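To start, the structure itself, in structure tokens.
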Amino acid sequence: MPERVDRDGTPAYRFLGVEVTRREAAFLVLGVVFLFVIPDIASLSDSLQLSVIHQGLLFGFAAVGLNLLLRHTKLTSFGHAAFFGTGAYATAVLARYAGVQSVGLLLLGAIAAATVMAAIIGVLSLRHTGLYFALLTLAFGQLLYAIALGQSALGGSDGLPIRPGPANQPLLFGTAFSPDVYQILTYYLTVVVILIGLFVMYRITQSPFRNALDAIGQERTRARFIGLPVRRYVWAAFVISGIYGGVAGGLYAVVRQYVRPEGTLFFLRSGDILFMAILGGFRTLVGPLIGGVVLVFLQDVGQDVTQYYEFLTGMVLLILVYGFPRGIVGSLRSGGIVNTRLSELRREPSVLSTWGRTAAQSIERKVTEALTSLRIILFGVD
Amino acid sequence: MAVTPTAALVQTLNGIQFGFILFMIASGLTVILGILDVLNLAHGELFSLGAYTAIGVFGFIIGVIGPPGGGVVGTAVFILAVLAAVLVTAAILLPVGTLFEAVFLRQIYDRDQVYQLVLTFALLLILLDVKKFIWGDSSIRTDAVYSAINAIPTSELVGLNYPTYNVFVILVGSVVVVGLFWFFERTKTGRIIRATAIDREMATAIGVSTDRVFTLVFALGAFLAGFAGAVAVPPTSATLEMGTNPLVLSFVVIVIGGLGSLRGAFVGALLVGIIRSWMITLYPPGEIAAPFAIMALILLVKPEGLFGTWGETA
């Protein structure tokens with residue numbers, strides 16, 4: 001049963017190691033309820049497709065894993081699609097060549113494969129930090145992409161279908177379901193996995209392990225001096241984040257029943273996963289998940305509205321970098337930029353014109369600067 | 001498969017040609033990385049922007065002066081037109097690079113590196129659709145340029161049947177390589193840039209305007225990418241996705257060579273180019289994977305890459 005504790009003067013509840021205030025508990029319950037009713041909401045409108053939201057949640061889940069590295073160790077992995085893809089392909093290979101039909105076994109296979117892959121790539125790329133690390137992870141991701149593309153056993157660019165057994169689909173609880181029911185059931189499976197995953201991530205981020213990672217992220221040498229086994233801890237974090245990617249990939253394969261290199265292993269997918277974390281707010285726990293849904297939704301809806309949907313995504317990312325560097329969740333939190341600005345606006349509505357003027361002035365200044373630099377580069381200083 | 005010496009030679013030459021193109025792309029990337037500490041994900045798009053622009057400019061020039069005739073004069077006119085197109089393209093890319101650095105990148109040098117990745121990725125997406133807006137969705141065929149250059153029979157001199165276009169690329173590439181090393185070793189501006197790379201604060205202290213150096217370096221990188229795109233206008237067609245593959249391969253090149261080392265980029269580019277080219281005949285499925293495999297191998301033996309970091313030597 002929930003136990004009452006006191007957190008800095010506000011009453012809070014502790015249950016299974018999760019400590020929340022009343023306000024946070026309300027948000028938590030609301031969020032979980034929302035996740036569960038999404039299939040019903042999606043049936044209301046044509047532009048809201050369950051499969052799109054589902055895909056967003058899966059990529060977002062991979063981003064939650066990536067966030068462990070990004071948030072605490074300050075390592076930017078640019079190849080997380082490698083684990084997503086490994087999970088997806090492990091599922092496909094198990095279903096096709098080993099005839100495994102059970103979703104549970106397929107997911108276990110995905111987890112195992114992603115763990116091994118993350119362990120190997122981790123050993124090879126964690127010797128480096130910073131951009132070198134980003135480049136290395138990216139290159140390993142592309143290596144896997146190249147392998148999936150080049151091997152005819154893996155289906156090449158056509159990819160692999162996941163249709164094991166006579167039912168032509170993976171079995172949930174040993175039973176085959178009709179496509180509609182299968183879609184809903186796998187969605188709820190995803191929700192359960194996500195809730196468990198978030199809970200585990202929450203526990204990790206409340207543990208001494210997280211403090212160690214924070215110390216490493218701040219200053220490696222100092223962390224080594226106070227006796228932390230830096231390499232081993234970072235490696236463990238890397239493997240954990242890889243497992244999240246693998247689970248997401250395995251689920252993706254089970255849901256879509258088809259994996260292609262382009263959709264799972266390509267480096268733009270790695271970019272997507274990274275940007276989901278930042279878009280949602282990488283200093284928060286659920287931010288990456290929300291960023292995932294928003295980004296996938298944006299790409300999907302953008303595709304319907306205009307053929308220039310990449311431009312749309314690019315613009316959103318630009319606005320994010322300059323206006324809301326803390327991401328969606330980080331900006332909406334109390335004390336975040338949105339709340340601050342809204343309260344300013346409520347107090348003094350004329351502040352709007354000031355903002356507009358400041359923005360216009362800074363853009364004008366930047367362009368003048370650029371033109372001056374250009375003149376100097378081309379014609380020298382006069 | 002039996003490999004005759006001639007075939008091996010042709011493959012190697014192809015590899016060298018591709019290596020020179022890779023070097024032109026990777027050198028811009030590595031210089032930006034070495035000095036600005038920014039991994040420019042939009043670099044591949046600048047490359048492909050260069051290719052598209054070059055096709056347009058070349059078409060314009062040919063439209064003005066009429067199709068090149070035969071004979072020595074016609075050939076000379078044609079080559080001049082190609083070179084002019086390349087130079088005009090590179091000149092167009094220069095202000096693009098300047099604007100990118102001064103308007104977008106400069107604001108976020110002091111932030112986490114992640115934001116620089118997001119920013120350059122946003123620019124990548126935007127450039128992609130700008131290209132789609134200007135040149136349309138379908139690929140642009142470029143056989144005209146390619147076959148016209150190949151019609152010039154330079155290769156008959158040595159009795160080897162090899163496309164003249166590739167010889168042209170190798171020649172232009174060599175000039176760029178020599179020019180770049182000369183620029184960084186011998187010119188004052190080059191030395192200032194290297195000084196900034198080695199010690200930013202000290203450079204500022206002795207009166208170097210680092211702001212301007214940063215803009216210059218980024219513009220130079222964009223120039224090189226555009227130049228490479230214009231020279232490498234692919235033999236068959238220019239497509240919207242053509243920027244991705246060179247971008248990722250030049251990542252491999254700069255990791256092999258050592259982050260930010262120009263010499264390393266040169267060696268790495270030739271290595272990747274030649275091995276990739278050999279793979280095409282020996283084991284086709286390995287073509288995409290081979291560069292990454294070399295990279296992994298080299299990192300296992302020498303984690304910092306073949307050559308050290310940039311600045312100490314060019």
**Residues in segment A:145-173 that a label on residue A:192 would reach, taking backbone N under 15 Å of a point 7 Å out along Cα→Cβ** = A:171-173
**Net charge of neighbours whose Cβ lies under 13 Å from the Cβ of residue A:231, counting Lys and Arg as +1 and Asp and Glu as -1** = +4
**Item:** In order through segment B:207-215: 3J(HN,Hα) via Karplus (6.51 cos²θ - 1.76 cosθ + 1.60), integer Hz, x for Gly, Pro
**Value:** x, 8, 7, 5, 3, 5, 4, 4, 4
**Item:** Built amide H within the under 5 Å cut-off of residue A:102, gap 5+
**Value:** A:171
**Prompt:** Taking Cα centroids, how far is segment B:217-296 from segment A:137-190 in Å?
**Reply:** 32 Å
**Message:** Going 7 Å from the Cα of residue B:204 along its beta-carbon direction, which residues of segment B:104-136 have the amide nitrogen within less than 15 Å of the resulting point?
**Reply:** B:106-111
**Complete:** Lys and Arg at +1, Asp and Glu at -1: neighbours of residue B:183 with Cβ under 12 Å from its Cβ sum to +3
**Complete:** Placing +1 on each Lys and Arg Cβ and -1 on each Asp and Glu Cβ in segment A:121-242, then taking the dipole about the Cα centre, the residue among A:123, A:142, A:176 whose Cα reaches farthest towards the positive end is A:123
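Using r as the Cβ-Cβ distance of residue A:357 and residue B:134, and R0 as 25 Å, what FRET efficiency do you calculate, to the nearest 0.05?
Working: r = 33 Å, r/R0 = 1.32.
Calculated transfer efficiency: 0.15.
Based solely on its DSSP helices, what 222 nm [θ] is calculated for chain A when runs of n ≥ 4 H residues each add -39,500 (n - 2.57) and the sum is averaged over all residues, nearest 500 deg cm²/dmol? Can you show the working numbers first?
Details: 16 runs with 269 residues, N = 382.
Value at 222 nm, helices only, nearest 500: -23500 deg cm²/dmol.
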**Solvent-accessible area buried by pairing A with B, both sides, nearest 100 square angstrom, 1.4 angstrom probe** = 4900 Å²
**Asked** What does the charge dipole of chain A about its Cα centre add up to, to the nearest 20 debye, if the Cβ of each Lys and Arg holds +1 and the Cβ of each Asp and Glu holds -1?
**Response** 1160 debye
**Message:** Need the C-alpha centroid separation for segment A:315-379 versus segment A:232-280, integer Å.
**Reply:** 32 Å
**Prompt:** Which cross-chain or sequence-distant (5 or more) residues have an amide H under 5 Å from the amide H of residue A:258, H modelled 1.01 Å from N in plane?
**Reply:** A:162
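Could you work out the percent of alpha carbon pairs in the protein assembly as shown separated by over 36 Å, rounded to a whole number? Mind dumping the intermediate values first?
Details: 109230 of 241860 pairs.
The calculated P(r) of the protein assembly as shown puts 45 percent of pairs beyond 36 Å.
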**Message:** Going by Cα centres, segment B:2-44 and segment B:85-104 are how many Å apart?
**Reply:** 21 Å
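So if I place +1 on the C-beta of Lys and Arg and -1 on the C-beta of Asp and Glu, and nothing else carries charge, what would the dipole magnitude of the protein assembly as shown be about its Cα centre? I want it in debye, nearest 20. Provide the component values of the computation, followed by the final result.
Working: 44 positive and 38 negative charges, 295 e Å.
Around 1420 debye, computed over the protein assembly as shown.
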**Request:** Using only atoms on other chains, find how many Cβ atoms lie within 10 Å of each Cβ of peptide B:96-107 and report the average.
**Result:** 4
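Per DSSP helix of 4 or more residues, -39500 (n - 2.57); summed, then divided by the residues of chain B. What does that give at 222 nm, rounded to the nearest 500? Intermediate results must be reported in sequence, preceding the final value.
Numbers: 12 runs with 228 residues, N = 314.
About -25000 deg cm²/dmol.
Residue by residue through A:125-137, how many Cβ atoms from other chains fall within 10 Å of the Cβ on average? All intermediate terms of the calculation are to be shown ahead of the outcome.
Working: counts 3, 0, 4, 5, 0, 4, 10, 11, 0, 5, 9, 6, 0.
Taking the mean over all residues of the peptide, I get 4.
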**Message:** Over chain A, with a Gaussian network built from C-alpha contacts below 10 Å, which listed residue (A:356, A:227, A:245) shows the highest mean-square fluctuation?
**Reply:** A:356
**Request:** Mind checking A:315-322 for the average number of partner chain beta-carbons within 10 Å of each residue's beta-carbon?
**Result:** 6
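Ranked by accessible surface with a 1.4 Å probe, highest first, in what order do A:294, A:239 come? Could you put the intermediate results ahead of the total?
Working: A:294 50, A:239 20 Å².
Greatest to least solvent exposure: A:294, A:239.
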**Request:** Tabulate in residue order the Karplus-calculated ³J(HN,Hα) for segment B:42-53, using 6.51 cos²θ - 1.76 cosθ + 1.60 with θ = phi - 60°, rounded to whole Hz; enter x for Gly and Pro.
**Result:** 7, 4, x, 6, 5, 4, 6, 4, x, 4, 4, 4
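Once you list every other residue whose beta carbon is under 9 Å from the beta carbon of residue A:72, what net charge do they have if Lys and Arg are +1 and Asp and Glu are -1? Could the numbers behind the result be given before it?
Working: positive: A:71, A:74, A:210; negative: A:214.
For residues surrounding residue A:72, the net value is +2.
Express the carbon and sulfur contribution to the solvent-accessible surface of the protein assembly as shown as a percent, rounded to the nearest whole number, probe 1.4 angstrom.
Values: 19900 of 30460 Å².
Looking at the protein assembly as shown in its full context, I get 65 percent from C and S.
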**Item:** Under 5 Å, built H, 5+ apart or other chain: amide partners of residue B:237
**Value:** B:142
**Prompt:** Just the accessible area for residue A:219, please: 1.4 Å probe, Å², rounded to the nearest 10?
**Reply:** 80 Å²
**Accessible area (Å², per residue) of the protein assembly as shown, counting only protein heavy atoms and a probe of 1.4 Å** = 44 Å²
**Item:** Residue among A:40, A:158, A:300 with the largest mean-square fluctuation in a Gaussian network model of chain A, springs linking Cα atoms under 10 Å
**Value:** A:40
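The values are calculated or read from the model by the stated rules, or taken from the named source; none is laboratory data. On a predicted model such as this, the values are computed, not experimentally measured, just so you know. Every residue, glycine among them, receives a Cβ derived from its backbone with ideal geometry; neighbour counts consider all protein chains shown. For accessibility, only protein heavy atoms count, side chains too; no ligands or nucleic acids. Shrake-Rupley method; radii C 1.70, N 1.55, O 1.52, S 1.80 Å.
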